[in-house]
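The values are calculated or read from the model by the stated rules, or taken from the named source; none is laboratory data. All figures in this text were calculated on a predicted structure; none of them were measured in a lab. Every residue, glycine among them, receives a Cβ derived from its backbone with ideal geometry; neighbour counts consider all protein chains shown. Remember, those area values only see protein heavy atoms, side chains included, never the ligands or the DNA or RNA. Shrake-Rupley method; radii C 1.70, N 1.55, O 1.52, S 1.80 Å.
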Amino acid sequence: MRFVNRAWMNSLSFKVILAYVAGVVLSVLIIVLVIKGLLAFKSPMLLEEDVIQNAEGLGEHMSFDASGVPVGFDDRHAWVFETMKEEVAYRVLDGSGRVVLQSQAGDSFWPPSSGKTGPPKPGRIDFTRAGTPFQGATAVLEHGGRQWYFQMANSARLAELIRLEFALPFMGIGIGLFSAVLLFVFGACALITLHHVQKPLQELSAAAAAISPRSLHARLQSERAPTEIAPLVDSFNRVLERVEHGYRVQQEFLATAAHELKTPLALIRAQIELTSPGADRDALLRDVAHMTRQVQQLLLLAEASEAHNYGFAPTDVMDVAREAADYLDRMAQAAQVRIELAGPDDPVDIVTWTADRGALFTLMKNLLENAIQHAPAGTPVLIEVDAQTLSVRDFGPGVTPDQLPKLFARFWRGAHRRDHGAGLGLAICQEITLAHGWLLAAQHAEPGRGLRLVVSRSPAAA
């Protein structure tokens, strides 16, 4: 189980949604428990408040005639007192306590008067009728400058029936609908918000992934980043500034060192050439030539790594390939290798790539030179050019599969070279292809029959 991918558990979106769902469930649970507790906790204070509010609310629907005397309810409220006159009743009293209006239940519904005169006292009314408890309330009505006293009472069993059969089911339905709306509607809003918040983060991630040694000058834009992420973006940009500075210092040191070494090597070579001929003199000249080549390649590597050294223009690839082949013709003859160039089927066709001509010549020269160094005597080195690729192939022993990733590493040298190069030629080729947006890859031409180095144009460079 330890191999199960649990990356989703670290997802910010998952944690936010989980917290949202947990909050919804907890909120609904608290609401249900509170309502259930209120319904179960029959406090006399709560019941009295509820009965008084019912009486006041119903009294507001009382109708009055032109003289300001109450005359009853409309049909929407009156039918309850007509059809359930044994369970619910009302009456209206004037300021002297005289009944001026009452429902069909009549005086027998109400408890007998205690003999007191005057208006009834507002508040709760509790009495028992035929062994059934009733609860009610007296509310004060004001109309036309006069006060009236509205009394309403209903049986406890009717109130319990309404609570259990109507109030609780409808309350449950309401809580369910509220929960569904809260979960799905607000959940959709949360998902949309997360998507909106994640979009600038994804853009920042893509921008950071696109930064390479050739684009260290680039910086992440913090304007659209969330406020909480902006400090991280600023810190990353400051890191990029330090990395860029270190990279520039390294490149400048490499180029300066290569330039500074060229002159001493030229002077040493001149001094050696003035000495008497002999084996020691030839060995020293070979060593100086090897060092001079290494310095030149270091200089080329430093230049190839800087994008501002390139000037891109439409370039005839076949013409550059012929120029490189002519340049290395004497080297190929010395190694008893022949260079063969294959282009489009129609010789009139021109293969044009957008490239820096000097860099493309260096690329072709290094690829050809590497192939000549590994090609057996009497075999060809093939240059193939078409609209999308150019390749150089030799028929040497090739490399083992584990050596393929090392071909473009700096200072790595194959075991079958004829010379003692510095191992920077293919690294320079890699830098040139990266600067152009191309892809350089090494392939086994045939099992045990050489190596093919292929440069492919990307769609953006086409």
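Data table
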| quantity | calculated |
| --- | --- |
| Failed item in (1) open to solvent by less than 70 Å² (accessible area, probe 1.4 Å); (2) within 21 Å of F64 (Cα to Cα); (3) not in a strand (DSSP E or B), with Q104 passing the rest | (1) |
| Output for segment 4-22, where each listed residue is exposed (fewer than 14 other Cβ atoms within 10 Å of the Cβ), at pLDDT below 80 and of a type in the set (G, A, S) | A7, S11, A19 |
| Test: residue in segment 37-48 that is open to solvent by 50 Å² or more (accessible area, probe 1.4 Å), at pLDDT 80 or above and either farther than 26 Å from I173 by Cβ or assigned to a helix (DSSP H, G or I) (or both) | no |
| Qualifying residues in segment 144-182 (those that are open to solvent by 60 Å² or more (accessible area, probe 1.4 Å) and outside any helix (DSSP H, G or I)) - the one nearest to T132 (Cα to Cα) | Q147 |
| Where a residue in segment 445-462 is among the β-branched types (V, I, T) and its partner, wherever it lies, is open to solvent by 20 Å² or more (accessible area, probe 1.4 Å) and at pLDDT 65 or above, with Cβ under 8 Å and at least six apart | V454/T389; V454/A441; V454/A442; V454/Q443; V455/T389; V455/L439 |
| I428 vs. criteria within 18 Å of L328 (Cα to Cα), touching a Leu at 6+ places or on another chain (Cβ under 6 Å), at pLDDT 75 or above and part of a strand (DSSP E or B) | no |
| Conditions (1) over 51 Å from the mean Cα position of the chain (by Cα); (2) surrounded by 14 or more Cβ atoms within 10 Å (Cβ to Cβ): number failed by K365 | (1) |
| Qualifying position, being at pLDDT 85 or above and either aromatic (F, W, Y) or more than 21 Å from L161 (Cα to Cα) (or both), among S114, S63 | S63 |
| Residue tally, condition touching a helix residue (DSSP H, G or I) at 6+ places or on another chain (Cβ under 8 Å) and aliphatic (A, V, I, L, M), over segment 193-228 | 8 |
| Conditions (1) without any contact (Cβ under 8 Å) to a residue 24 or more places away in the chain; (2) under 21 Å from A19 (Cα atoms): number failed by R242 | (2) |
| Among the candidates V99, V92, V69, V88, residue that is among the hydrophobic types (A, V, I, L, M, F, W, C), over 15 Å from G57 (Cα atoms) and in contact (Cβ under 8 Å) with a residue 40 or more places away in the chain | V88 |
| Which numbered condition L363 fails, given (1) part of a helix (DSSP H, G or I); (2) at pLDDT 85 or above; (3) more than 22 Å from D319 (Cα to Cα) | (3) |
| For K199: the one exception among (1) surrounded by 12 or more Cβ atoms within 10 Å (Cβ to Cβ); (2) closer than 30 Å to R242 by Cα | (1) |
| Hits in segment 115-134 (condition: closer than 21 Å to E87 by Cβ and either among the hydrophobic types (A, V, I, L, M, F, W, C) or open to solvent by 30 Å² or more (accessible area, probe 1.4 Å) (or both)) | R124, I125, D126, F127, T128, R129, A130, G131, P133, F134 |
| Restricting segment 218-233 to residues that are over 17 Å from the mean Cα position of the chain (by Cα) and open to solvent by 60 Å² or more (accessible area, probe 1.4 Å), the residue that is farthest from L204 (Cα to Cα) | P231 |
| Failed criterion for A66 (all others in (1) among the aliphatic types (A, V, I, L, M); (2) part of a loop (DSSP other than H, G, I, E, B); (3) surrounded by 12 or more Cβ atoms within 10 Å (Cβ to Cβ) hold) | (3) |
| Among (1) in a strand (DSSP E or B); (2) open to solvent by 40 Å² or more (accessible area, probe 1.4 Å); (3) aromatic (F, W, Y), the one test that W79 misses | (1) |
